[in-house]
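Only one structure is covered here, and it is reproduced in the block below.
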Amino acid sequence: MIVDIEKLSVDYSGIKALDEISFGIAEGDFLGIIGPNGAGKSTLFRCMLGLHTKYNGTIEFFGKNIRDSKKYLSQIGFVPQRPVFDKNFPATIREIVSMSQNSNDPKKVDEALQKVWMHELADRRIGDLSVGQQQRVFIAKALANSPKILVLDEPVTGVDVYNQDLFFQILGELNTKEKISIIWSSHDLDAVERLANKVACLNKTLFFHGVSEDFFSDEEMLKKYSETSMQMHMHHH
Amino acid sequence: MTIEFLSDLSVQYALISGIAISLFCSTVGLFLVLRKFALFGDALAHTAFGGVAFGLFIGVYPLWAAYVVSILGALGLTKLRQSFDISSDAAVAILLTSGIAVGILLFSISDDTPFHDAHDMEEFLFGSILEIEPENVITIIVLCAIILIILRIIYKKLLYSTFSEEQAKVSGIPVEKINYLLIAMAGVAAVTSMQLVGVLLVSALFVIPNVSAMLYGRSFKQTISLSTSFSLFSVVMGIIIAYPFGIEPSGCIVLLAIAILIGSLIIKSSGIVKTIGVSPKSV
């Protein structure tokens, strides 16, 4: 296992956000994390990425507890839901991709941009791109450090269908050709069924983790998921 | 107008110091502007004013006291801001008013100190680059070199944490340490530039050349080069224009920077320069 999560619990002022979540991620996995809004997906990611440290339980990356060292972060690429940055930030795509690089290797920056089909726009300003294109740049930024794992938090929110398909195609290629393990949260069950080989279904507790086909062929499980999503939806409104 | 006055030592000292100050103020300032912290330079300068008064009060050279008070004040407030989630504009207001309040109080109770007269006060408020001492010129050059070297070393990390603090943290960048370092450098830059333009106009050097540069610069490197060029031009021409006419260089420098900004806005709006930089509406 390259990631091992044991009894992870988080509460915000007494309200449970995650309740004793345990699961592992093997090398080469393409894990789709699904769950309704407020299910704790982003909280799980924040804990895994060291952005939220007030949790109980343990998170291990590459066999080491993340509380002991932050070195594991250099092997992880993160693509946030909707990157918050100033639209007028004066930086080109090439500068954005290279600024996260641990080394200074322009060749790697070009390669990373080619992998996400953005090399032709390398000298454009980041703010001039569409959300879908920006998300591809953020994948390239993650790739510039040759990560072993890519973490994506609902990356195609607000992205048009064409760019979503392009995005998913790139993810698939990175997983199969580059052997990068992918942890990806999404609302889109169809996309998860198409792309992910493993599924974790989350709603504060983990009520499924396993092979994708097992989840999508289990009528009971799908019914339970849609009921929970509906309840959460009603609760939010 | 002849240029004989350029052989005057005081003008040469002013130009050398001005060039050094414009280099680091525009560079540090760009990071502050991009972090929506444009007025922080102003707040730091006002804290420095409190520091000057503190120096006079305890009998220490006022400028050294200003460096210490300004940097400590800025770092302390940054810590408070992070711990209690105080917004940037509120932090600026707190720092600015505290500095002035301390300054007024200490100036009023240190009447009999050697530096204390209206002229000294004016120097700190409006700058006195043409009266700069040779040893201060050396200090400014050394500080300029230190700041530019630090910026070169942490450039990528600083740029990344300015672009997105969260993403920089996830990449393992020590964002908080980088923030403290930037604030400390801004403190040094603000106190140093106080000698050029005075407490009241320090933020102009941090902000105006950068806003002009952002209208044209497509890349970060381009923006920083333009900002430095605009800043250098304003400072050098400001001193050169002010000296023969016996007017305050500080006002001249800032008005030239504003003239460049207005010119840039006009050029940009007229469509002569179409494809690069931000639109004038976003400024």
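A short reminder: the numbers here are calculations on the coordinates, not readings from a lab. Computed from a predicted model, the values in this text were never measured in an experiment. Positions of Cβ are backbone-derived with ideal geometry, glycine not excepted, and every protein chain shown enters the neighbour counts.
For the protein assembly as shown, the spread of Cα positions along the three principal axes, ordered from largest to smallest, is 88, 52, 42 Å. Only helices reaching 20 angstrom along their own axis (Cα) with mean Kyte-Doolittle hydropathy no lower than 0.0 count here, and for the DSSP H runs of chain A these are A:161-176. Dividing the summed -39500 (n - 2.57) terms of all DSSP H runs of n ≥ 4 by the residue count of the protein assembly as shown sets its mean residue ellipticity at 222 nm at -19500 deg cm²/dmol.
Once the Cβ-Cβ distance between residue A:19 and residue B:89 is put in as r, and R0 is 35 Å, what FRET efficiency do you end up with, to the nearest 0.05? The formula returns an efficiency of 0.35 here. Listed by chain and number, the aspartates and glutamates whose C-alpha is less than 12 Å from the C-alpha of residue A:54, apart from same-chain residues fewer than 8 away, are A:11. Scalar couplings 3J(HN,Hα) for region A:23-37, obtained by applying the Karplus form with A = 6.51, B = -1.76, C = 1.60 to θ = phi - 60°, are 6, x, 10, 8, 4, x, 4, 10, 9, x, 9, 10, x, x, 4 Hz; x denotes Gly and Pro. Under 5 Å between amide hydrogens, built in the peptide plane, is the criterion, and for residue A:17 it picks out A:10, A:11, A:12 among residues at least 5 positions away or on other chains. With the cut-off at under 19 Å, measuring from each backbone N in region B:233-268 to a point 7 Å along the Cα-to-Cβ line of residue B:4 picks out B:240-247. The length gained on full extension between residue B:269 and residue B:122, counted as 0.36 nm times the residue separation minus their Cα-Cα distance, comes to 49.0 nm.
Amide H to amide H, with H built 1.01 Å from N, residue A:35 comes under 5 Å of A:186, A:202, counting only residues 5 or more places away or on other chains.
Per q in 0.14, 0.18 1/Å, what log10 I(q)/I(0) does a Debye calculation on the alpha-carbon atoms of region A:3-236 return? At q = 0.14, 0.18 Å⁻¹ the computed log10 ratios are -0.92, -1.42. Non-local lysine pairs in chain B, meaning eight or more places apart or on different chains, with alpha-carbon distances under 20 Å, amount to 20.
Relative intensity of region B:4-282 on a log10 scale, I(q)/I(0) at q = 0.16, 0.17 Å⁻¹, equals -1.26, -1.38, per a Debye sum over C-alpha point scatterers of equal strength in the absence of solvent.
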